[in-house]
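Report on the following structure.
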Amino acid sequence: MTKTETNKGQNAPRKRRIKLEHLLDHSILILGSLFMLVPVYLIIATSSFDRITVARKGLQYTFSDQMAENFRMAMFESTSFTGTVDGFTMLMNSLILGIGFAIGKIAISMMAAYAIVYFRLRFATFAFWLIFTTLLLPLEVRILPTYEIVQGLGMINTYSGLIIPLIASATGTFFFRQFFRSVPEELVEAARIDGAGPVKFFIDILVPLSKTMIAAIFIIMFVVGWNQYLWPTLITTDEGLFTLVRGIKQIMLVIADNNKIPEFGVAMALAIIAMLPPVLIVLFFQSWFVKGLVESDK
């Protein structure tokens, strides 16, 4: 064998052996993805059919020519009892709730974490764990006293009533506390020597350093706020403040009240519209989201 043939044999690509554990891992991932995506596909496919077909045959696995009409009706035709609210109005209400919910939680969480980490408070650790234990109390546990307070303040059927009672966040406070504790002490000393007060240090140094963490928390809180159903149902009776999540149910109630066949295709189209903003937010901030969660563990 010549030297050239020997080199060719050495440089020949080696066949990668497929390990059984890798095959099992990928199979589980694929099955999990299908488990999550098949219902979404059924919703998209069913949204392309008219209500009579869906009422007779149920969920559809193929596509028809009714999709554009169903989306037009979902966005621009009234689906309320009063005949004044359409999908576009509900979409704007959901955006206001989701963005206000996320921004409010980030602001409150950052200030709470800043006070716990950087102010020499005697009971700072106790206060943090007191805040953290509220994670064990879901909204359903405290919803009656919260509703009483909101009603007493005259915040029923207002955006402030939808957003303000829910903006305190133990999760956000925990993540920002962990991130602030990873900031080098030398940076704090340098800022103090340069004459930066607490407010200037927070705004000019900590906030810019927390961009990735803010993006990560924003995604989480936006999705949570967007998907709120119980609280908007209790706090709003004015149809002009209905959100998309509530509007999907509203379609079925209006049609049932009029003894007509429910607009299943329109309801499916509205469900797809309700899914799009959270998906787009996650895709747009994906790299910041992962980076922010990793930095919180430092």
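Data overview
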quantity: Matching residues in the stretch 122-164 - criterion: being among the β-branched types (V, I, T), open to solvent by 90 Å² or more (accessible area, probe 1.4 Å) and touching a residue at least 60 places away in the same chain (Cβ under 8 Å); calculated: I164
quantity: Flag if L241 is in contact with a Leu (Cβ under 9 Å, 6 or more places away or on another chain), open to solvent by less than 70 Å² (accessible area, probe 1.4 Å), closer than 24 Å to P39 by Cβ and not charged (D, E, K, R); calculated: no
quantity: The listed residue being among the aliphatic types (A, V, I, L, M) and closer than 26 Å to A55 by Cβ, out of A190, A216, A269; calculated: A269
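Listed here are the residues, each with its yes/no results for (1) crowded, with 17+ Cβ neighbours inside 10 Å; (2) modelled with pLDDT of 90 or more; (3) part of a loop (DSSP other than H, G, I, E, B).
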{"site": "I30", "(1), (2), (3)": "no, yes, no"}
{"site": "A45", "(1), (2), (3)": "yes, yes, no"}
{"site": "N70", "(1), (2), (3)": "yes, no, no"}
{"site": "S80", "(1), (2), (3)": "yes, no, yes"}
{"site": "V85", "(1), (2), (3)": "yes, no, yes"}
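The values are calculated or read from the model by the stated rules, or taken from the named source; none is laboratory data. None of the values given here were measured: they were computed from a predicted structure. Here Cβ is always computed from backbone atoms with ideal geometry, including for glycine, and neighbour counts include all displayed protein chains. When the accessible area is computed, the model is the full protein with side chains, heavy atoms only, and any ligands, DNA or RNA have been set aside. Shrake-Rupley method; radii C 1.70, N 1.55, O 1.52, S 1.80 Å.
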